[in-house]
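Only one structure is covered here, and it is reproduced in the block below.
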Amino acid sequence: MTLAVRSLSVVYPDGTEAVKTLSFELGRGESVALIGANGAGKTSLLLALAGVLPFSGTAEAEGIPLGAKPPVGASHRVGMVFQNPDDQLFMPTIFRDVVFGPRNMGLGDEESARRAEETLRELNIAHLRDRSPLKLSGGEKRIASIAAVLAMTPSFLLFDEPTAFLDPRARRGLIGIMKRLGQAKLIATHDFTFALETCERAILLKDGEMFAVGEPEALFFDRAVMEGCGVEEIRR
């Protein structure tokens, strides 16, 4: 069970090449950090895989093609958690946010509600079910946005800067959740210590292209590699 990307490119209407012929695979249960400076193409890649941006090349989730108009069922195999939870939580209550996805998949009210309640319990936020997103902390919003995606039971999860807006306690809680999630994960982040704790592999991007790939600890402490990618290495 893999997410296979082959020669994927994203070109914006103004001609900007955000992603250039990327090829990689995300295996069953694997967590991969996506690293690069601002403008390296991380978010554009995630949005392409989520079906938000058109792309050339191919991307397949469990052998099913992804894209702006994927086959029936394919769009729910990949779920994306956006950088800003306010872009993902739009209903009056958290329960209605979490139940929205299953209903949009065509599931009945009873099954949709069951999935929503189960997901809220699994993430230990059942007590937030009737709260408004406007009344939640940054950490609570982050977990609620993850719940909204998990309720659709995707096989692959995409995260765009998941530790953004989080205080140290919320960040620690998120690390625990990421370690428990069984889905394969592609995580775009500038938080290298977070990546070290949650990912077995890292892909470094530079100007939309693959710059390096390997174990996070081997890459992140290598000054030549990290500076070549446009970011600073971690100091021991």
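Coordinate-derived values only; no laboratory data. Note that this is a predicted model, so its numbers are computed, not measured. Here the Cβ positions follow ideal geometry from the backbone for every residue, glycine too, while neighbour counts run over all protein chains shown.
Some notes on this structure:
- Working from label points 7 Å from Cα in the Cα-to-Cβ sense, the Glu200 to Ala113 distance is 4.0 nm.
- Expected 222 nm ellipticity per residue - DSSP helices of 4 or more, -39500 (n - 2.57), all of the chain, to 500: -9500 deg cm²/dmol
- Length available on full extension from Glu122 to Arg6: 0.36 nm per residue minus the Cα-Cα distance, which gives 38.3 nm.
- Shown here for the range 14-106: GluC sites (Glu not before Pro) in loop regions (DSSP other than H, G, I, E, B) with at most 13 other Cβ atoms within 10 Å, of which there are none.
- Fully extended contour minus Cα-Cα distance, from Asp167 to Lys135, at 0.36 nm per residue: 9.9 nm
- Only lysine pairs 8 or more places apart, or on different chains, with alpha-carbon atoms under 20 angstrom apart are counted in the chain, and they number 6.
- Taking amide H as placed 1.01 Å from N in the peptide plane, Lys206 has its amide H under 5 Å from the amide H of Phe211, each at least 5 places away in sequence or on another chain.
- Beta bridges from DSSP with both residues in the chain: antiparallel share about 50 percent, rounded to the nearest 5.
- Average Cα contact separation per residue, the chain, under 8 Å, 6 or more apart, as relative contact order %: 26 percent
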